[in-house]
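The values are calculated or read from the model by the stated rules, or taken from the named source; none is laboratory data. Bear in mind that the values here come from a model prediction, so they are computed numbers and not experimental data. Here the Cβ positions follow ideal geometry from the backbone for every residue, glycine too, while neighbour counts run over all protein chains shown.
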């Protein structure tokens, strides 16, 4: 394997700004960021509520959610596939082999991470600040917004972990998206396809671009939290 | 003031998010806007990996305005996708499986489109001593007798079906004879070629995928030109009686175009390094 060819392929992809390639990168970002956004909107409040709520079977729920962080992407994909197939319960929506289906599958993958990590973060904060929050009249679910705000940096890391899981996976998007050229082809499914075509330098070159992209997004998030920390004290 | 700092912070985060959102909406001119006329075709990995679709689909779209979304799977899986109603048209290569699909009523007719042939690929070292021969059955017997490594697709694809049929013709009962030499990988054609290259094994491939395959390493064609290596492709539109939502007219338009002189010429015109990959034969009776 010629490693120079890999870097050459990656370089050509980035410099060439081929519209087809940009569409693939754009779709990957759109699908993954949307999935993380949805998972955040659902998972942050739910995780915080789980941290504060006390109900029978709570430990079981927590253990299950923690275990779901290890859900194999291909299983999540298969589940969404059977749900959305024309012969499945949601078949009439005609959503199989669309970006929407890919987002749905990735939400299932990201949500347990966001809920589980939020639950842990908020629970720790609550045990630390319980007395203080009670003294200003914030108790129970009313303390959630404050706790989420105070834990924002740890929670940003939870969202980044979710982003990492979604952007790196191929099993789920391949099954529910179908890897349709120009429509549901993402960076990871393109890598799989180019590998099967035997174009290994191009596949690895795409891999380099994907890693660089993930690095950039993490750098932006890190910078934002640094600036935030400075202003918020 | 803490309050102002918080506001600043929130404003900063929102700006960052808005920036990201903007970045993605501008880079993604949605590949297919809502309302685009399209059909979904489930097809095989060979038609995709060989680049045939990349060549003919733009021609079809230019002629009819219909976008074709291709989901590439092994033939068995592609037929199952259509059975579930998730495709409008199937374009595959395993006549027996296609006829079963027809008999079940999932399509009303099957049209032959094109053919190419299978080739036995093997390492240059040729441990089974079959290189350059033309008898595929004798070659398989030699591979089994010498226990030379052989990679099987193992994914119910058209190529896998053809391979199993050839072992049967060779009188080799795989259930009894397969040992560590027979490596069933359950993956597509390209992956099977990659694997065969990695372990110096023999593998049955369609010629189209082989010609377009870029990671050959030490692999070469060992056996070709046997009449039994013929590989026919057929196309079927899914029967709306089974799945009322399928796009009958646009699906049929694709079938009609494939077997029309224009579509047949487009297929014949697809070449890599001057080599034609598929040979149109829509008019050949019984193909």
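Things worth noting here:
- Among the residues listed as B:87, B:96, B:62, B:78, the single one being crowded, with 21+ Cβ neighbours inside 10 Å, assigned to a helix (DSSP H, G or I) and either at pLDDT 95 or above or more than 14 Å from every other protein chain (Cβ to nearest Cβ) (or both): B:78
- Test: residue A:101 is more than 14 Å from chain B (Cβ to nearest Cβ), under 16 Å from the mean Cα position of the chain (by Cα), in a helix (DSSP H, G or I) and closer than 30 Å to residue A:207 by Cβ: no
- Residue check for residue B:129: away from chain A (no Cβ under 12 Å), touching a helix residue (DSSP H, G or I) at 6+ places or on another chain (Cβ under 8 Å), modelled with pLDDT under 95 and not in a helix (DSSP H, G or I): no
- Hits in region B:182-212 (condition: touching a helix residue (DSSP H, G or I) at 6+ places or on another chain (Cβ under 6 Å) and more than 21 Å from residue B:148 (Cα to Cα)): B:188, B:208, B:209
- Test: residue A:50 is more than 9 Å from chain B (Cβ to nearest Cβ) and either surrounded by fewer than 18 Cβ atoms within 10 Å (Cβ to Cβ) or part of a helix (DSSP H, G or I) (or both): yes
- Selection count where residues are within 12 Å of chain A (Cβ to nearest Cβ), closer than 22 Å to residue A:99 by Cα and modelled with pLDDT under 95, scope region B:31-48: 7
- Evaluating residue B:164 against the criteria (1) surrounded by fewer than 19 Cβ atoms within 10 Å (Cβ to Cβ); (2) at positive phi leaves one unmet condition, (2).
- Residue A:4 meets all of the listed conditions (1) out of contact with any helix residue (DSSP H, G or I) (no Cβ under 8 Å at 6 or more places or on another chain); (2) in contact (Cβ under 8 Å) with a residue 40 or more places away in the chain but one, namely (2).
- Positions within region A:85-102 being in contact with a helix residue (DSSP H, G or I) (Cβ under 6 Å, 6 or more places away or on another chain) and buried (at least 24 other Cβ atoms within 10 Å of the Cβ), in sequence order: A:96, A:101, A:102
- Exactly one residue among B:246, B:220, B:235 is surrounded by fewer than 20 Cβ atoms within 10 Å (Cβ to Cβ) and not in a helix (DSSP H, G or I), and that residue is B:220.
- Conditions (1) surrounded by 20 or more Cβ atoms within 10 Å (Cβ to Cβ); (2) more than 14 Å from chain A (Cβ to nearest Cβ); (3) touching a residue at least 60 places away in the same chain (Cβ under 8 Å); number of the one not met by residue B:159: (2)
- Among the residues making up region B:190-212, those that are farther than 17 Å from residue B:155 by Cβ, touching a strand residue (DSSP E or B) at 6+ places or on another chain (Cβ under 8 Å) and within 12 Å of chain A (Cβ to nearest Cβ) are B:197, B:208, B:210, B:211, B:212.
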